[in-house]
Amino acid sequence: MRKIKIFDTTLRDGEQTPGVNYTIAQKLEIAKQLEKLGVDIIEAGFPVTSKADYQACKKIGEKITKAKVCYLARLNKNDIDCAYQATQGNPNIMIHIFIASSDIHLKHKLKMTREQLLIHIEKMVSYTKKLFNEIEFSCEDATRSDYDFIVACYQKAIDCGATTINIPDTVGYSTPDQMGTLVEYLKLNLNADKTTFSVHIHQDLGLATANSLAAIKAGCHQVECAINGLGERAGNTALEELACTLKIHGEYYQAFTDINLIEINKTSALVATYADIVPQANKAIVGKNAFLHESGIHQDGFLKSRDTYEIINPEMIGKAKHECLVLGKHSGKHAMMDWLKKNNYPTDELTVNSFYNQVKKITDYKKKLSIADLNKVINDILNVSDDSFLSDYQIIRFAVDYEGDNVIASIEIKNHDVIFKAKRTEKTPIKAIFKAINEAITFKPLLTKYHIEAINLGVDSQGMVEVNIEKDGKKAIGYGLSQDILLASIKAYINSINKIRGEINE
């Protein structure tokens, strides 16, 4: 079996994710965690882009010793010199230089001919070799380039001192079959016995991990990844997906990585926190739903043997052991009985059947059941007093009026058969509405984020609102969608309140 080197670009391409901007201290902390994770190479950044990125690269180069540190540069003297100055003579640092090779980039971006590009590659790679021992060279947009031409480009770079050639699928264009064919073609046609072959693949068609695996199958030695799949547009190959796949299918690929899987969850959480981007709930490996089961059929199998519906478990990636069964609309009696047993409730046939029927009935009008809801159901069945049942608040109507510089918001909210009303005057509509909701239900959380995003264009466009709140150490994120942005805001705020009022059963 051969080792696949993991080249992590969370701090470079990952920071190019729209809206992501790490501080120097955050980049250094992430780099240290990546070193614990076991990555082979950390792409620290793009030194020429800003003073802060230059300083971050220098600090990471000074502090990281187990992993190789890499700086990015375009194929020009200014970028290369800047990267070299940031190394401070540290031999542990390599450089990653790149230039586009596809005809579309040559014509529209570089304004160069193929012949001019080959001359430029020879000149600048030779210059780079005077400064760096290890050079990774990339033909940007390689997968849309002419195969014979990129053979010429890569061979020129290798002959001038490149130690790694990287094959980027810059716009996520390739399919697994195409990626495998390209890698095989390059390996067959290049004189590169001592050269590392690497791939850097984007997720535009959702094929980044599959394409990376195809490249490995075709003989690649290195894959460029990012934690949580961060990166330009739809992102890069997700490190956690590639590492776990090779752990499970190592025999098939005859390949392994040195990634310490138990550090994955910690690394994912750290990056998500500093990037302010939480992985989607159903994201493979690190999404919050990745190890949850609600289907009754799945729950029954899981209870009999975890491996019926689970190929990896939370502990494998460093997650604390937790309850994997979610009680809801699709749950079966076996899961209901399991929950009752774990919470020290009776599990006789009558109690289980009653609990099952009541839970099913509630899920007709309540999407998520909290622990408090489940306790209320079973306590009612057992005739134990408990007033903790938390049905969802629902908006009935609202109105916004303007009086001079003031905004007056009126709100009506329903919970069970109880109507809550309030009116509030403020300087802005959103503040007036949210304060009125707080007064109506006497629930006052801290608003930590309010974000609006248009999800389509034109006069009939809809707005999606995201609201983040905190109360008593609990946090919740709510979403609302409507053509009326005020209604979308109300839906998002009430959605977040409904989530935070009880610990969700998941």
Pop out the ³J(HN,Hα) list for the range 348-357 in order, Karplus 6.51 cos²θ - 1.76 cosθ + 1.60 with θ = phi - 60°, rounded to Hz; leave Gly and Pro as x.
5, 4, 5, 5, 4, 4, 5, 4, 4, 5
Projecting the Cα atoms of SER482, ALA67, THR143 onto the charge dipole of the chain, where Lys and Arg contribute +1 and Asp and Glu -1 at Cβ, the residue farthest towards the positive end is ALA67
From largest accessible area down, sort THR175, THR209; use a 1.4 Å probe on the protein chains.
THR175, THR209
About the Cα centre of the range 70-114, how large is the charge dipole given +1 on each Lys and Arg Cβ and -1 on each Asp and Glu Cβ? Please answer in debye to the nearest 20.
260
What's the percent breakdown of Cα-Cα distances in the range 162-221 across 10 Å bins, shortest bin first?
26, 56, 18, 1
Percent of beta bridges antiparallel (DSSP, the chain, rounded to nearest 5)
50
The correct ranking of TYR393, TYR84, TYR493 by accessible area at 1.4 Å, largest first, is TYR84, TYR393, TYR493
Taking all protein chains together and a probe of 1.4 Å, list MET336, MET1, MET316 from the most accessible to the least accessible.
MET1, MET316, MET336
Residue separation between LYS342 and THR49 times 0.36 nm, minus their alpha-carbon distance, gives in nm 100.0 nm
How big is the dipole moment of the range 46-177 about its Cα centre under a simple scheme where the beta carbon of each Lys and Arg is +1, that of each Asp and Glu is -1, and everything else is neutral? Debye, nearest 20, please.
600
Classify the range 110-150: rounded, prolate or oblate, from the alpha-carbon gyration tensor (a ≥ b ≥ c, eigenvalue square roots; a/c under 1.5 rounded; otherwise prolate if a/b is larger than b/c)?
oblate
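Provide the FRET efficiency to the nearest 0.05 for the GLN394-GLU29 pair, computing r from the beta carbons and using R0 = 45 Å. Could you put the intermediate results ahead of the total?
Working: r = 43 Å, r/R0 = 0.95.
So the FRET efficiency works out to roughly 0.60.
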Per the helix-only model, the chain has a calculated mean residue ellipticity at 222 nm (DSSP H runs of ≥4, -39500 (n - 2.57) each, divided over all residues, rounded to the nearest 500) of -11500 deg cm²/dmol
Name the long-range amide H neighbours of ILE167: under 5 Å, sequence gap of 5 or more, or other chain; modelled H, no Pro or chain starts.
SER198, VAL199, HIS200
When the chain is fully extended, how far beyond the present Cα-Cα distance does LEU447 get from ILE104, taking 0.36 nm per residue of separation?
118.8 nm
Listed peptides 438-447, 157-166, 462-471 by packing density, highest first (mean Cβ within 10 Å):
157-166, 462-471, 438-447
Relative to the longest principal axis of the C-alpha atoms of the chain, give the angle of the C-alpha long axis of helix 208-217, reported between 0 and 90° and rounded to the nearest 10°.
40
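If you place +1 on the Cβ of every Lys and Arg and -1 on the Cβ of every Asp and Glu, how big does the dipole about the Cα centre of the chain come out, in debye to the nearest 20?
Here the size comes out at about 800 debye.
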Pop out the carbon and sulfur fraction of the accessible area of the range 7-57 as a percent, whole number, probe 1.4 Å.
53
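Taking the Cβ-Cβ separation of HIS416 and ALA281 as r and a Förster radius of 25 Å, what is the calculated FRET efficiency to the nearest 0.05?
Details: r = 28 Å, r/R0 = 1.13.
That gives a FRET efficiency of 0.30.
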Across 10 Å bins from the origin, how do the percents of Cα pairs in the chain run, short distances first?
4, 16, 22, 21, 17, 13, 7, 2, 0
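Which whole-number percent is the relative contact order of the chain (Cα, under 8 Å, 6+ apart)? Present the calculation step by step, with values, prior to reporting the outcome.
On the way: 987 pairs, mean separation 48.0, N = 506.
Over the chain, the number comes to 9 percent.
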Under 5 Å from the placed amide H of LEU369, counting only residues 5+ away or on other chains, we find ASN505
What do you get for the angle between helix 429-441 and the principal long axis of the chain? Use alpha-carbon atoms, 0 to 90 degrees, nearest ten.
40
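Figure the gain on full extension for LYS474 and ASN189 (residue separation times 0.36 nm, minus the Cα-Cα span) and round it to one decimal in nm. Please report the intermediate quantities before stating the final value.
Working: separation 285, 0.36 × 285 = 102.60 nm, distance 5.84 nm.
Difference between extended and current length: 96.8 nm.
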Rounded accessible area of CYS57 (nearest 10 Å², 1.4 Å probe)
0
Area of LYS129 that stays accessible when all protein chains are in place (1.4 Å probe, Å², to 10)
70
On C-alpha positions alone, give me the angle between the axis of helix 485-500 and the longest principal axis of the chain, in degrees, nearest 10.
80
Taking H placed 1.01 Å from N in the peptide plane, check which residues at least 5 places from ALA255 or on another chain put their amide H under 5 Å from its amide H.
ARG2
Set LYS66/LYS129; LYS156/LYS217; LYS58/LYS474; LYS304/LYS376; LYS36/LYS194; LYS3/LYS129, cut-off 31 Å on Cα-Cα distance; pairs above it are LYS58/LYS474
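For the chain, report the accessible area per residue in Å² (1.4 Å probe, heavy atoms, rounded to an integer). Spell out each step's value before the answer.
Working: 23930 Å² over 506 residues.
Per residue, the chain has 47 Å² of solvent-accessible surface.
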Provide the solvent-accessible area of VAL377, counting protein heavy atoms only and rolling a 1.4 Å probe, rounded to the nearest 10 Å².
10
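Past the 29 Å Cα-Cα mark, which pairs from LYS471/LYS491; LYS361/LYS435; LYS32/LYS444; LYS360/LYS499; LYS77/LYS111; LYS341/LYS368? Spell out each step's value before the answer.
Working: LYS471/LYS491 18 Å; LYS361/LYS435 33 Å; LYS32/LYS444 39 Å; LYS360/LYS499 19 Å; LYS77/LYS111 18 Å; LYS341/LYS368 21 Å.
Long pairs (Cα-Cα over 29 Å): LYS361/LYS435; LYS32/LYS444.
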Ordering of 249-259, 2-12, 342-352 by packing [mean C-beta count within 10 Å, highest first]:
2-12, 249-259, 342-352
Bin width 10 Å, origin at 0, all Cα-Cα pairs of the range 1-148: what percent of pairs per bin?
11, 39, 34, 16, 1
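The values are calculated or read from the model by the stated rules, or taken from the named source; none is laboratory data. In this text, all values refer to a predicted model and were calculated from it rather than measured experimentally. We place every Cβ from the backbone using ideal geometry, glycine too, and count neighbours over all the protein chains shown. Ligands, DNA and RNA are stripped out before the accessible areas are found, and what is left, the full protein with its side chains, is counted by its heavy atoms. Shrake-Rupley method; radii C 1.70, N 1.55, O 1.52, S 1.80 Å.
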